[in-house]
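Accompanying notes for the structure given below.
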Amino acid sequence: QLDAAAAAAVLDALNGTEALNATAKFVASPEGTALAYGSLVLMALLPIFFGALRSVHCSKSKNASDMPETITSRDAARFPIIASCTLFGLYLFFKVFSQEYINMLLSVYFFGLGVLALSHTLSPLMSRIFPESFPNKQYQLLFTQGSDDTKEEIVNYEFDTKNLLCLVIGAVVGVWYLLKKHWIANNLFGLAFALNGVELLHLNNVNTGCILLGGLFVYDVFWVFGTNVMVTVARSFEAPIKLVFPQDLLERGLGASNFAMLGLGDIVIPGIFIALLLRFDVSLKKNSRTYFYTSFLAYIFGLGLTIFVMHTFKHAQPALLYLVPACVGFPVVVALIKGELTEMFR
């Protein structure tokens, strides 16, 4: 089972929540640019939408393997500091050591995480695809320490035939990624990481969400505009911690290599706040999804504004600079209008 908290922390810190970026060697056509940015926006929306829906079921689950990891206000306050240390540490590593060997080690590490994340993502889909008559055998992987009364469980993982099939599919994608580093394989892993993060990382209240988003707002702006650290790490780091889409796809087909990119942190961080607002909608028991749809539309607006500014000034942008005010501000205004602001922050 993927440790969602650790994975999301690593993902956010490593990608530096860097916004979209394009290589200067190739002048993309307007059609190619529109296709690349439109595809990135769509890929960003999918894990947020479905991850938020799955987070509602996850919060009600009694299965230990599906229990969410709750982020407290203390965790949220420390997150930007930990992310900054990790980001700067990676920057120094890339400056001191060979980029090739670092990326080789990280590729193997993310291969394991990616297979587990993709397997967890596909599991509900497999349950719907296969008929009830499918011979679905149950398995248990148990690893203990000691004996008799002193026996202690180290690993106790229950799975079935459908889970095994999901692992096989994940492993195939993982081998494809390791051997070819193809952008489609990268995106499959990236989408799985993002969806798992939104589903399994739960903010305990709106106050915590504001602390987390506010801290990462400052973190993102500082490391993008104040230094070249974030952009350097994002360009040097070969791991599925960002979504990419080629701007030269129309000219070069699937072998295209001039990518626009979006860091997974720019999806997961606003995504877990949007998922929290969906759970708040559900708790109101009004059969309404007002705050979820408001924040979801706010995310689309913020991401569109990021793309517009980046395209206008031809410079990488900290996406959270635009996403945080939109995703927090719009729902707060709606809550003020509806007279539910106090209830929201409780």
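Quick one: pull the percentage of alpha-carbon pairs in the range 195-346 with a separation above 20 Å. In whole percent, the long-distance tail amounts to 54. Taking every alpha-carbon pair under 8 Å whose residues sit at least 6 apart, the range 246-346 reaches a relative contact order of 21 percent. Potential lengthening of the chain between F225 and F313 amounts to 30.4 nm, from the contour at 0.36 nm per residue minus the alpha-carbon distance.
Remark: the Cα gyration tensor places the range 146-251 in the oblate category, a/c being 1.5 or greater and a/b not exceeding b/c. Evaluating kT/(6 pi eta Rh) at 25 °C and 0.890 mPa s, with the Kirkwood radius of the chain over Cα pairs in the Stokes-Einstein relation, gives 116 µm² s⁻¹. Remark on the range 99-205: ratio of C-alpha radius of gyration to 2.2 N^0.38 Å is 1.31. Give the Rg/Rh ratio for the range 266-308, taking Rg as the radius of gyration of the Cα atoms and Rh as the Kirkwood radius, to two decimals. Rg/Rh: 1.06.
Listed by chain and number, the aspartates and glutamates whose C-alpha is less than 20 Å from the C-alpha of K95, apart from same-chain residues fewer than 8 away, are E18, E238. Report note on the peptides 77-85, 142-150, 301-309: ranked by the mean count of other C-beta atoms within 10 Å, highest first, their order is 301-309, 77-85, 142-150. Normalised by the number of residues in the chain, the average gap of Cα pairs under 8 Å and 6 or more apart makes the relative contact order 33 percent.
Loop-located trypsin sites (Lys or Arg not before Pro) in the range 95-146 (DSSP state not H, G, I, E or B) with no more than 16 neighbouring Cβ atoms inside 10 Å: K137.
Remark: the range 190-346 carries 37 Å² of accessible area per residue (probe radius 1.4 Å; ligands, DNA and RNA excluded).
All Cα-Cα distances of the range 57-161, cut into 10 Å bins from zero to the largest, leave 10, 22, 30, 26, 11, 1 percent in each bin in turn. Taking all Cα-Cα distances within the range 249-336, those exceeding 16 Å account for 59%.
By accessible area, using a 1.4 Å probe on protein heavy atoms only, the chain has 65% of its surface on carbon and sulfur. Structure note, pairs K242/K285; K137/K181; K60/K151; K180/K242: Cα-Cα distances above 26 angstrom occur for K242/K285; K137/K181; K60/K151.
Counting only whole DSSP H helices of the chain, the ones at least 15 Å long by C-alpha along their axis and with mean Kyte-Doolittle hydropathy no lower than 1.0 are 4-15, 161-180, 183-200, 206-221, 265-284, 290-313, 320-338.
Note on the range 243-346: dipole from Cβ charges, positive end direction compared against A260, G271, V333; the farthest Cα belongs to V333.
Computed FRET efficiency, Cβ-Cβ of V56 and V168, R0 30 Å: what is it to the nearest 0.05? Given R0 = 30 Å and the Cβ-Cβ separation, E is 0.55. In this view, the solvent-accessible surface of Y101, computed with a 1.4 Å probe and all protein chains in place, comes to about 140 Å².
The values are calculated or read from the model by the stated rules, or taken from the named source; none is laboratory data. Model, not experiment: these values are computed from the prediction. FYI the Cβ positions are ideal-geometry reconstructions off the backbone, even for glycines, and counts take in every protein chain you see. The accessibility values were calculated without ligands, DNA or RNA, using every heavy atom of the protein model including side chains. Shrake-Rupley method; radii C 1.70, N 1.55, O 1.52, S 1.80 Å.
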